[in-house]
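The values are calculated or read from the model by the stated rules, or taken from the named source; none is laboratory data. Keep in mind that what you see is a predicted model, and the values were worked out from it rather than measured. Cβ: placed from backbone, ideal geometry, glycine included. Neighbour counts: every protein chain shown. The protein model used for the area step is the full one, side chains on, heavy atoms only, and it has no ligands, DNA or RNA in it. Shrake-Rupley method; radii C 1.70, N 1.55, O 1.52, S 1.80 Å.
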Amino acid sequence: MTAPELHATAKAMVAKGKGILAMDESNPTCGRRFKKLGIENTVENRRAWRELLLTTPRLAEHVSGAILYDETIRQSTADGTPFPQYMGKCGIIPGMKVDTGAKDLAGFPGEKVTEGLDGLRERLAEYIGMGARFAKWRAVITIGNGIPSKACIHANAHALARYAALCQEAGIVPIVEPEVLIDGDHTIDRCHEVTSETLNAVFAELKEQRVLMEGMVLKPSMVIAGLECPQQARVEEVAERTMECFVKHVPPQVAGIAFLSGGQSNERATAHLNAMNTRRQGLPWPLTFSYARALQQPAMETWLGKRENVAAAQKLLYHRARLNGAASMGQYRDAMERAM
Ligand code: 13P
């Protein structure tokens with residue numbers, strides 16, 4: 001794929017009114033979400049769940065692409081159509097999580113570094129053969145007492161850039177995801193400071209590794225107070241602080257920004273995205289969603305692993321996709337929450 005082709009794929013991922021469905025939970029993470037609802041963590045249940053998500057009627061109206069996990073890209077719908085082929089037919093671009101997880105960073109208690117560079121060139125070639133056109137790598141930055149360290153930010157930024165360069169070499173669009181975790185009692189100011197430092201480090205490394213800005217999508221967390229912080233910011237404040245931070249630290253050539261939901265409530269994640277898009281005059285990039293929990297949660301709570309609940313669960317997924325699609329254009333209103 002050439003630079004214009006990478007750019008075209010990246011633009012399609014953040015096309016007007018659409019966002020990305022993250023459904024790339026590793027087996028242990030998927031298992032944790034299932035367990036809370038009493039759903040058994042079996043291969044077949046994971047397949048059935050992913051089939052439910054992908055076969056949701058009219059999903060492609062609001063979802064440009066979906067991120068799969070290694071197990072999922074090899075699975076099929078009940079009638080035997082491989083998931084990536086099924087997505088191709090619906091007009092949903094197949095993407096792949098290609099990191100192998102955040103592991104403890106040696107010498108830095110409480111901090112993580114994401115692994116997965118070894119053999120990545122070969123894995124990317126295999127995924128492309130199966131239909132993947134974009135990839136995702138998630139780095140996590142934890143805010144706490146004396147952390148994050150410069151070493152942690154730097155190690156993660158470097159790995160993100162090496163991953164992104166390998167993706168573009170292979171003709172696949174990298175989603176670069178530096179997540180500043182919402183866990184903790186930190187203030188929005190502290191989140192702003194850490195997000196700024198992280199974005200600076202990430203873009204310095206991306207430039208150093210010659211990553212094409214037009215051929216990548218940034219998947220960041222929003223600038224927001226920690227979940228345990230007594231002073232929770234208003235929706236407008238989250239929107240304004242996030243945009244102000246990104247204008248300073250994200251090059252205008254980046255094809256788009258697709259936020260993660262990161263543990264925000266479903267409604268908040270939608271309202272924050274909407275508030276940014278109602279104030280977005282002059283911003284160089286589309287701002288949209290690449291949510292997992294904030295799209296999937298109501299549907300999973302209704303499905304509960306039962307075939308008879310599939311249609312009702314799909315309606316809930318479609319509902320959240322529609323609301324977030326509206327938020328990506330600044331057209332979401334509270335009342336839409338109740339109009340299914
Ligand atoms: P959440 O929206 O649940 O944060 O997940 C997004 C994601 O893909 C994390 O890597």
When the C-alpha atoms of the chain are aligned to their principal axes, what extent does each axis show, in angstrom, from largest down? 49, 47, 40
Which percent of the accessible heavy-atom area of the chain goes to carbon and sulfur, probe 1.4 angstrom? 52 percent
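How do the peptides 165-175, 273-283 rank, highest first, by the average count of neighbouring beta carbon atoms within 10 Å per residue? If you can, show how the numbers build up before the last one.
Details: 165-175: 22.8, 273-283: 18.1.
Going from most to least packed, we get 165-175, 273-283.
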Hey, how many Å between the Cα centroid of the stretch 76-123 and the Cα centroid of the stretch 140-203? 18 Å
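When ranked by the protection proxy of mean other Cβ atoms within 10 Å per residue, highest first, what sequence do the peptides 227-236, 134-143 form?
134-143, 227-236
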Within the chain, helix-based [θ] at 222 nm, where runs of 4 or more DSSP H residues each add -39,500 (n - 2.57), nearest 500: -14500 deg cm²/dmol
Candidate lysines for bridging to Lys11, where Cα separation is under 24 Å - those fewer than 8 sequence places away on the same chain excluded: Lys89, Lys97, Lys136, Lys207, Lys219, Lys248
Work out, step by step, the length gained on full extension between Glu40 and Arg210: first 0.36 nm times the residue separation, then minus their alpha carbon distance; give nm to one decimal. 56.8 nm
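Count the net charge of all other residues whose Cβ sits under 14 Å from the Cβ of Glu5, scoring Lys and Arg as +1 and Asp and Glu as -1.
On the way: positive: Lys11, Arg133; negative: Glu169, Glu214.
My count for the surroundings of Glu5 gives 0.
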Kindly state, to the nearest 0.05, the FRET efficiency for Lys103 paired with Thr187, given R0 = 30 Å and r defined as their beta-carbon distance. 0.60
Net dipole in debye of the chain [+1 Lys, Arg Cβ; -1 Asp, Glu Cβ; about Cα centre; nearest 20]: 840 debye
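When you count, for each residue, the other Cβ atoms within 10 Å and take the mean per peptide, how do 246-257, 62-73 rank with the highest first?
Details: 246-257: 17.8, 62-73: 23.8.
With the highest mean Cβ count within 10 Å placed first, the list reads 62-73, 246-257.
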